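FYI, it's all coordinate maths here, none of it is from the lab. Remember, it's a predicted structure, so these values are computed and weren't measured experimentally. We place every Cβ from the backbone using ideal geometry, glycine too, and count neighbours over all the protein chains shown.
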Amino acid sequence: MPPASPPPAVIDVASNSPLMIIAIVITFAFTILALYIFIRIPKTLVKTTKQIVHETADAVAPVVMRMQHVHEPARHPVKLKKLTRVIVIIMKLLLIIIPLTLILCSGLARQTALDAGLAAMIGIWLAGICVVLFGIQYALAHLLSVKRQDIL
C-alpha cells in the first residue's frame, strides 16, 4: 500500500483579514460585472433585432407590392408602411412557430437527451408566453399611442 498523502492545506479565510477583504472585493466585482452583462445584453439584442427586422421588412415590402402588381411602390407610402407592419408581425409569428414546430418534431427522434413530452410541454408553454407578451406589447402600444413602426 502506498503511504497516505497528507491532507490538503486549508486556509482559514475568516481569521485572515487580507484574504477576506480580497474575497469580498472579487465577489463584489463579479456581482457588478454580472449585473452589467444581464442588463446590457438584452438592450443590445433588442436594438440589433429591431434593426434587422425593420431592414428586412423594408427590403421585402417593395418586392411584395410589385408581386401584387402595384407599380412604383415608392408612390404608395401608406401601403408600403402598412405592408411593412404586416411583414414584421409575420416575422414575429414565424420566430415563434418555427422553433415550436421543431420542438414538436423532436419527438420523432429515437434518442433524445430530454423526454419528448417534457420538451413539447416546455416549448408550448414558452410559445404561449411569447404570444401573450406580443399581445401585451401591441395592446400597450395602442393604449399609449406608440407608433407601430417603433414597436419591435
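For the reader, a short list of remarks on this structure follows.
- Quick note on the range 85-152: its Rg to Rh ratio, both from C-alpha atoms and Rh being the Kirkwood radius, is 1.14.
- Translational diffusion coefficient (Stokes-Einstein; Kirkwood radius from C-alpha pairs) of the range 30-152 at 25 °C, 0.890 mPa s, in µm²/s: 141 µm²/s
- The angle between the Cα long axis of helix 116-143 and the longest principal axis of the Cα atoms of the chain comes to about 60 degrees, rounded to the nearest 10.
- Rounded to the nearest angstrom and listed largest first, the equivalent-ellipsoid semi-axes of the range 25-75 from its Cα gyration tensor are 46, 6, 4.
- Mean residue ellipticity, 222 nm, helices only, the chain: the sum of -39500 (n - 2.57) across DSSP H runs of n ≥ 4, divided by residue count and rounded to 500, is -26000 deg cm²/dmol.
- Dipole of the range 28-152 [Lys/Arg +1, Asp/Glu -1 at C-beta], most positive-end residue of GLN111, PHE28, HIS76: HIS76
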